[in-house]
Amino acid sequence: MMRPDPQRAGEDPAGDASAGGPTRQEVRADAKRRRATRDRLVAFVAAVVVLGGLAAVVLTSPGWPSVKELFFNRQQFSEHFPDVLGGFWLDIKLFVVIEIGVLLLGLLLALIRITRLPVLFPLRLLATVFIDVFRGVPTVLLVYLFGFGIPALELSGLPTDPMICGGIALCFSYSAYVSEVYRSGIDSVHPAQRSASLALGLSESQTLRHVVLPQAVRRVIPPLLNDFIALQKDVALLGIVGVIEAFRLAQIAAAEQFNYTPLLAAALLYLCVTIPMARGVDVLQKRRARRQNAAGAA
Amino acid sequence: MSTTDADLQHGHGTPVLELRGVTKAYGGTPVLRGIDLAIHEHRAVVLIGASGSGKSTLLRVADLLEELDDGDVLVDGEVVTEPGVRPLETRRKLGMVFQSFNLFPHLTVLENIVLAPVKAHGMARADAEEHARTLLSRFGLAGREGEYPDRLSGGQQQRVAIVRALATRPRALLLDEITSALDPLLVGEVLEVVRELKREGMTMVITTHEMHFAREVADEICFLHEGQIVERGAPDQLFVDPQRDETKRFLQRLLEAQRP
Ligand SMILES: Nc1ncnc2c1ncn2[C@@H]1O[C@H](COP(=O)(O)OP(=O)(O)OP(=O)(O)O)[C@@H](O)[C@H]1O
Ligand SMILES: [Mg+2]
């Protein structure tokens, strides 16, 4: 329950800066700055010691020279990196297309599951089964089954490209998860919001569209982004049904050269995309926590 | 039986809102047990009663937010609880304000207010916004259009909620303990809005624990006890000279609770 704020917003107590000499406020600010500088220094030294120690352990290990040759071969890296990067473009494109499908299908599944309309009962049952099945089977297995199974059916109208079939498997699998994320968001919107909207004369569907969904989606953006990151990595699974994307290219190069450095190149590329996404989630979550604290303190 | 209490007291014209023999139970527990209530145009009826006596349920049933078990609700003389009639039209004719404001947190003040006029009443956005601004400045909220609800005090939020309900030009307003969630210092500004609406002749059903206020704005007080209106009358009569033991006990308890 919200606690009303006796002080009106906007009536800021005017902060008056008095001239001449360091005020108590300035002295405090100065001390605070010095403390922050010291904290940063300590953190930096600690990081150097720990990471340096780890590096020393690895670099002095008896197997390091051969590991270095097999995984960190500079020449191999520069030779294969452009190829792998080219393949990674396909990963990105696949990711974007599949993710859009996931967001739409996930929302559709969530909406079907929350409707109470009796006519939609068969659809609701279907959606439930869909979600149970596609969440319950390992994604890699789904990619296999779809990527090789659907083309083998030789049915006209069904896609025969393993990339498309495998992509559909990924899309279904992630939609099942994402629909549950949406649903938890919808459930988290207080029923009083719905009451208020209906009382204003909005219909059930208008209430869903203008009141419930906007609030629900805002709340589930961080978990949705986490699923984005997972999907970005899992696009590599399409390599196993013959899609020549970054991982598959790296694997081929590694097998030809008896050297694993190309795989490392692929790993680096995935990190280039997933790390910024992870930081994005952090920022969003922090911002939300701050806003909630502000609302709670008000 | 053709004359009800309401007929005797102010009896002519069709009531804006009427409940006839309304019953409602939650999972076998009766909450409303035969409510008869008529609210005529420009009048304010205040419902009082202990916590759990069914005041909120009565308002929610009247606004068709809850389905009733038996009896009828009539708006402007038309039965709106026939099985075939869609509740949407009725809800559009009545405005409701809740104890906990229930503003939409993702919308600005202005967006909160124009949502229903635009989406549910088909009003042009420009007209709706102009009307909203007029209402906001009338209730001391000018300049707040762009703020989000969580930046406002409780009193301001509740006034916005009242404006939001008024923006659809309802036939009657249902106010459910609209000051109960407020800091005591902010109660006054919200009650002042209701007084103003009363002066304008807004038809209202109000539930409240603020007895001074009830006495001031009510044309009629109904005392609800265990899902029944056991006593009703003009404020001066009911507060000064209650007839029923339940009413006396309730008022007595309230008096003791409010004594410092
Ligand atoms: N959705 C519901 N499901 C089950 N029981 C309910 C529901 N809503 C209300 N009740 C019950 O109905 C009874 C009347 O509730 P109601 O909210 O109408 O009382 P009230 O007079 O408004 O009380 P208060 O002064 O506390 O607001 C209570 O016993 C309550 O527990
Ligand atoms: Mg109540």
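Computed from the coordinates by the stated procedures, all read-outs in this text should not be read as laboratory data. Here the structure is a predicted model, which is why all the values come from computation and not from measurement. All Cβ positions, glycine included, derive from the backbone under ideal geometry; neighbour counts span all protein chains shown.
Worth pointing out:
- Spin-label zone in segment B:15-43 - amide nitrogen under 15 Å from a point set 7 Å from the Cα of residue B:237 along the C-beta vector: B:38
- Sorted by Cβ neighbour density within 10 Å, fewest at the top, the residues A:48, A:212: A:48, A:212
- Distance (nanometres) between label positions extended 7 Å along Cα→Cβ at residue B:254 and residue A:188: 4.1
- Global form of segment B:179-238, assessed from the alpha-carbon gyration tensor, a/c cut-off 1.5: oblate
- Listed residues A:263, A:54, A:208, most fluctuating in chain A (Gaussian network, C-alpha, under 10 Å): A:54
- Distance between segment A:100-178 and segment A:50-67 - C-alpha centres, whole angstrom: 46
- The calculated FRET efficiency for residue A:155 paired with residue A:204, based on their beta-carbon distance and R0 = 22 Å, is about 0.05.
- Exceeding the 29 Å Cα-Cα cut-off - candidates A:68/A:93; A:68/A:286; A:93/B:119; B:24/B:119; B:55/B:198; A:68/A:233: A:68/A:93; A:68/A:286; A:93/B:119; B:24/B:119
- Pair residue A:233, residue A:268: separation of 7 Å Cα→Cβ label points (nm): 2.0
- Counting only DSSP beta bridges whose two residues both lie in segment B:170-260, roughly 55 percent are antiparallel.
- Computed over the Cα atoms of chain B, pair by distinct pair, the Kirkwood hydrodynamic radius stands at 19.0 angstrom.
- Over segment B:104-170, Cα pairs under 8 Å with separation of 6+ residues give a relative contact order of 48 percent.
- In segment A:73-290, Rg over Rh equals 1.07, where Rg is the alpha-carbon radius of gyration and Rh the Kirkwood radius from pairwise Cα distances.
- Working from Cα pairs under 8 Å separated by at least six residues, relative contact order for segment B:3-153 is 19 percent.
- Expressed to the nearest 5 percent, the antiparallel share of DSSP beta bridges inside the protein assembly as shown is 55 percent.
- Put simply, when B:237-249, B:44-56 are sorted by average Cβ atoms within 10 angstrom per residue, most first, you get B:44-56, B:237-249.
- Within 10 Å of each Cβ in A:200-212, the average number of Cβ atoms from other chains: 6
- With R₀ fixed at 45 Å, the C-beta to C-beta distance from residue A:100 to residue A:34 puts the FRET efficiency at about 0.35.
- Taking every DSSP bridge with both residues inside chain B, close to 55 percent are antiparallel.
- Across peptide B:58-65, the mean count of Cβ atoms from other chains lying within 10 Å of each residue's own Cβ comes to 2.
- Peptide B:97-105 has a mean shielding of 5, counted as Cβ atoms of other protein chains within 10 Å of each residue's Cβ.
- Computed label-point distance, nm, for sites residue A:114 and residue B:33 using a 7 Å Cα→Cβ extension: 3.8
- The alpha carbon convex hull volume per residue for the protein assembly as shown rounds to 263 Å³.
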